[in-house]
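The values are calculated or read from the model by the stated rules, or taken from the named source; none is laboratory data. Quick caveat, the model's predicted, so the values are computed rather than measured. As a convention, Cβ positions derive from the backbone with ideal geometry for all residues, glycine included, and neighbour counts pool all protein chains shown. Side chains included, ligands, DNA and RNA excluded: accessible areas come from the protein's heavy atoms. Shrake-Rupley method; radii C 1.70, N 1.55, O 1.52, S 1.80 Å.
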Amino acid sequence: GILKDVTYVDLSVNLLDRDVSEVIGGWTHLEELRLSSNNFESLPSSLNDWKALNYLDISSNEIEGPIPESLALSTQLVYLDISSNDFDGTISSVFGNMTSLKSFYMQGNALVGSMPDTICGLRSGELRHLSVDCKTSSEEVQCDVPACCTVCNDYDVDRNPFT
């Protein structure tokens, strides 16, 4: 159709709850997709078909369960925000394959365990912002600040006025 060349879509704050792939799945030139603050319960089914997509914000939705490892197949992503959902479990090391990432936001979920070394390793490359809820308790993700995570419990070392 006529809209197949669209590169930017912002559907944030619309109370949407169905798979947007039904409407925009064939938009192969899509580079930036903002879906925050809706009622989505899953990632778009066409996510891995959008080879040009480099920015995905699906924060503040109702997505439950482990972070789907299929999300890591989108290795071209530069910005990924999955914060403030209901993701749980541990963070898979496969996300360390996302070598283009500059910003990865995961805070506001029920994630546990340790941040995988493969993801921390991205900090020596392009990754500049890595945010997760982390404390020393076993109920949240263990992540070294600033060696790995840049934001831990709302403490952003990139904006620290004391450094």
Of the accessible area of the chain, with the probe set at 1.4 angstrom, what percent is carbon plus sulfur? 48 percent
Taking 0.36 nm per residue of separation between Ser45 and Ala110 and subtracting their Cα-Cα distance, the length gained on full extension comes to 21.1 nm
Two-decimal Rg to Rh for the stretch 1-86 - Kirkwood Rh, Cα set: 0.93
3J(HN,Hα) from dihedral phi, the stretch 105-121, Karplus parametrisation 6.51/-1.76/1.60, rounded to Hz, x for glycine, proline: 10, 10, 5, x, 10, 10, 7, 9, x, 10, 5, x, 4, 5, 6, 4, x
Quick calc: nm separation of the 7 Å Cα→Cβ label points for Thr99 and Thr118 -> 1.3 nm
Would you mind checking which residues have amide H under 5 Å from Asp144's amide H? H placed 1.01 Å from N; only 5 or more apart, or other chain. Cys149
Rounded if a/c is under 1.5, else prolate if a/b beats b/c, else oblate: with a ≥ b ≥ c from the C-alpha gyration tensor eigenvalues square-rooted, which is the chain? prolate
Can you give the extra length, in nm with one decimal, that the chain gains between Leu73 and Ala147 once fully stretched, where that is 0.36 nm per residue apart less the Cα-Cα distance? 24.1 nm
